[in-house]
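Structure, as structure tokens:
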Amino acid sequence: MGRLFGTDGVRGLANGDLTPELAMSIAVAAAHTLAEADRSHQPVAVVGRDPRASGEMLEAAVVAGLASAGATVVRAGVLPTPAVAYLTSEVRADFGVMVSASHNPMPDNGIKLFAAGGHKLSDEIEDAIEARIGEAWQRPTGAGVGRVHDLLDGAEHYLKHLRSAVPHQLDGLTVVVDCANGAASDVAPAAYQEAGATVIPIFSEPDGVNINDECGATHLDALREAVLANGADLGLAHDGDADRCLAVTATGEVVDGDEIMAILALALKESGTLAEDTLVVTVMSNLGLKIAMRDAGISLVETKVGDRYLLAELREHGYSLGGEQSGHIVLPSHATTGDGLLTGLLLMARMAQTGKTLADLAAVVTKLPQRLINVKADRSVVTHPAVVAAVDAVAARLGATGRVLLRPSGTEPLVRVMVEASTPELALETAEEIASAVRSAA
């Protein structure tokens, strides 16, 4: 699998390259690495999962690995990734584990790790964990073996936490919520209803195999249709583990992470709580967001793709908002990681506060036409001379009126080609030109 950890934990084909044996080994190495700094007590780990069928198998392997390493395991069951991060902090656990492949299709699965406090791991800690996989170690016996406990009210604790973050009741708003047949299928409708919204849930009946299946944040057509059919004020879409949120206006227009960030950034600036009037984004954010924020007196800081890089920047400098175009939005005053439900609540709270439609709020951003093409290829292809030449040629042609970004995915065997240009036609033409070079070189 190359380097085991990608941009968001370890992912692979469940029971293929991500086997129970590997999951157990990762759990043991994580327990040894993340708990070794404090040997005054038996380490405690919170474990959650999304509802995909392989999660049952991999959760069992993770729990067994942790207990065999002497860790006390608090099994939270099926909950969103941000809920597991929150509970890791809430119960003062030494670390947390989420078994999920997020937006990936059902056959995949993954393992995400959180340090104490519910924070994502640095590259250095991930490398340290990976280096310890398979090492010889002294197994505890007797009372030294870890115990396993089920946390039965984890969802209630998480919902209470979300309620405390909502500044305005959502009375009068009707929202269609696409739960992606994922980890938020129960808690997302509950969170929005408790805040006062009228909720119409769709894709909220997970059966272990239908997660992300033509639904959720990567497939918005059904949500758009449902919003229009029900005359709703907006639609919200989560992914399989609910750390993302994308939106749809009352007329079916998609509102992506860039536009959501702009809406939230302006709300925070207005209230005087946008630290240093700065928004943290990744290199994937649209040039239109940069222009809108500049005009509003808000500075941008760019990071690599991956919410943990955003989190590192947010934590280091004390910024209060960051996110990705894909819908990972991070608000450190409320959460230690991207939280799709929190994002949806605050987006609707802004609508309730201002009395404006989602379309009106999103209009602050005029996006440059953008084209993203995913090509199945090994990451090494990005340095192939023919690919480099194609990128340079397109960049020279676009000049200051566009940009090119070529990067390997951190979660799938793909190379992502992204082009922004002055017209949709030019964006498509030039993106296809680079994608063709990538395919030829692969």
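The values are calculated or read from the model by the stated rules, or taken from the named source; none is laboratory data. Keep in mind the model is a prediction, meaning the values are calculated, not measured. Cβ atoms come from the backbone with ideal geometry, glycine included; neighbour counts cover every protein chain shown. The area values use the complete protein model at the heavy-atom level, side chains included, leaving out ligands, DNA and RNA. Shrake-Rupley method; radii C 1.70, N 1.55, O 1.52, S 1.80 Å.
Which of (1) more than 21 Å from Leu289 (Cα to Cα); (2) touching a Gly at 6+ places or on another chain (Cβ under 7 Å); (3) hydrophobic (A, V, I, L, M, F, W, C) does Ala396 not meet, given it meets every other one?
Here Ala396 clears every test but (2).
Would you point out the residue of the range 385-428, among those that are touching a helix residue (DSSP H, G or I) at 6+ places or on another chain (Cβ under 8 Å) and charged (D, E, K, R), that is least open to solvent (accessible area, probe 1.4 Å)?
Here the answer is Glu420.
Starting from the range 236-253, take each residue that is polar (S, T, N, Q) and list its partners that are assigned to a loop (DSSP other than H, G, I, E, B) and surrounded by fewer than 24 Cβ atoms within 10 Å (Cβ to Cβ), counting only C-beta distances under 8 angstrom and pairs at least six apart or across chains.
Thr249/Thr357
Applying the selection to the range 346-363, what residues are outside any loop (DSSP other than H, G, I, E, B) and without any contact (Cβ under 8 Å) to a residue 40 or more places away in the chain?
Thr354, Asp360
For the range 210-236, enumerate the residues that are crowded, with 24+ Cβ neighbours inside 10 Å and either on the phi > 0 side of the Ramachandran plot or out of contact with any Gly (no Cβ under 6 Å at 6 or more places or on another chain) (or both).
Applying the first criterion (crowded, with 24+ Cβ neighbours inside 10 Å) to the range 210-236 yields 211-212, 215-217, 223, 227, 234-236.
The answer is Asn212, Cys215, Gly216, Leu234, Gly235.
Which residues, counting only those in the range 288-313, are in contact with a strand residue (DSSP E or B) (Cβ under 7 Å, 6 or more places away or on another chain), surrounded by fewer than 24 Cβ atoms within 10 Å (Cβ to Cβ) and over 21 Å from Ser409 (Cα atoms)?
Lys290, Ile298, Ser299, Leu300, Val301
Just checking, does the range 159-174 include any residue being buried (at least 22 other Cβ atoms within 10 Å of the Cβ) and under 24 Å from Glu324 (Cβ atoms)?
First, pick out the residues of the range 159-174 that are buried (at least 22 other Cβ atoms within 10 Å of the Cβ): 162, 170.
From what is left, the residues that are under 24 Å from Glu324 (Cβ atoms) are 162.
Scanning the range 159-174, I find at least one residue that is buried (at least 22 other Cβ atoms within 10 Å of the Cβ) and under 24 Å from Glu324 (Cβ atoms), so the answer is yes.
Give Val375, Val382 a once-over and let me know the one that is in contact with a Pro (Cβ under 8 Å, 6 or more places away or on another chain) and buried (at least 18 other Cβ atoms within 10 Å of the Cβ). Steps first, answer last, please.
Details: Val375 fails: in contact with a Pro (Cβ under 8 Å, 6 or more places away or on another chain).
The conditions single out Val382.
For the range 74-127, which positions are farther than 18 Å from Arg52 by Cβ, β-branched (Val, Ile, Thr) and in contact with a Gly (Cβ under 6 Å, 6 or more places away or on another chain)?
Thr88 - this is the single residue of the range 74-127 that is farther than 18 Å from Arg52 by Cβ, β-branched (Val, Ile, Thr) and in contact with a Gly (Cβ under 6 Å, 6 or more places away or on another chain).
Consider Glu156 carefully, then state whether it is part of a helix (DSSP H, G or I) and closer than 25 Å to Pro332 by Cα. First the steps, then the outcome.
On the way: part of a helix (DSSP H, G or I): yes; closer than 25 Å to Pro332 by Cα: yes.
Spelling it out, Glu156 is indeed part of a helix (DSSP H, G or I) and closer than 25 Å to Pro332 by Cα.
In the range 339-370, how many are more than 23 Å from Asp295 (Cα to Cα) and touching a Ser or Thr at 6+ places or on another chain (Cβ under 8 Å)?
Here the count works out to 0.
Within the range 373-388, is there a residue that is closer than 17 Å to Thr282 by Cβ, of a type outside the set (A, V, I, L, M) and part of a strand (DSSP E or B)?
yes
Given the criterion of a type in the set (A, V, I, L, M), open to solvent by 50 Å² or more (accessible area, probe 1.4 Å) and either touching a helix residue (DSSP H, G or I) at 6+ places or on another chain (Cβ under 7 Å) or more than 18 Å from Leu236 (Cβ to Cβ) (or both), identify the matching residue among Ala335, Ala363. Walk me through how you get there before you give the answer.
Values: Ala335 fails: open to solvent by 50 Å² or more (accessible area, probe 1.4 Å).
Just one listed residue meets the conditions, Ala363.
Taking helices (runs of 4 or more DSSP H) that fall entirely within the range 195-308, which contain at least 3 residues that are modelled with pLDDT under 95?
Values: elements: 221-230, 257-271, 287-295.
Passing ranges, in order: 287-295.
Give the number of residues within the range 175-195 that are closer than 23 Å to Ile211 by Cα and open to solvent by 40 Å² or more (accessible area, probe 1.4 Å). Quick ask: steps written out before the conclusion?
To start, the set of residues in the range 175-195 that are closer than 23 Å to Ile211 by Cα comprises 175-193.
Now restrict to residues that are open to solvent by 40 Å² or more (accessible area, probe 1.4 Å): 186, 193.
So the answer is 2.
Could you tell me whether any residue of the range 129-145 is open to solvent by less than 40 Å² (accessible area, probe 1.4 Å), under 20 Å from Met24 (Cα atoms) and either among the acidic types (Asp, Glu) or in contact with a Cys (Cβ under 6 Å, 6 or more places away or on another chain) (or both)?
For the range 129-145, residues open to solvent by less than 40 Å² (accessible area, probe 1.4 Å), under 20 Å from Met24 (Cα atoms) and either among the acidic types (Asp, Glu) or in contact with a Cys (Cβ under 6 Å, 6 or more places away or on another chain) (or both): absent.
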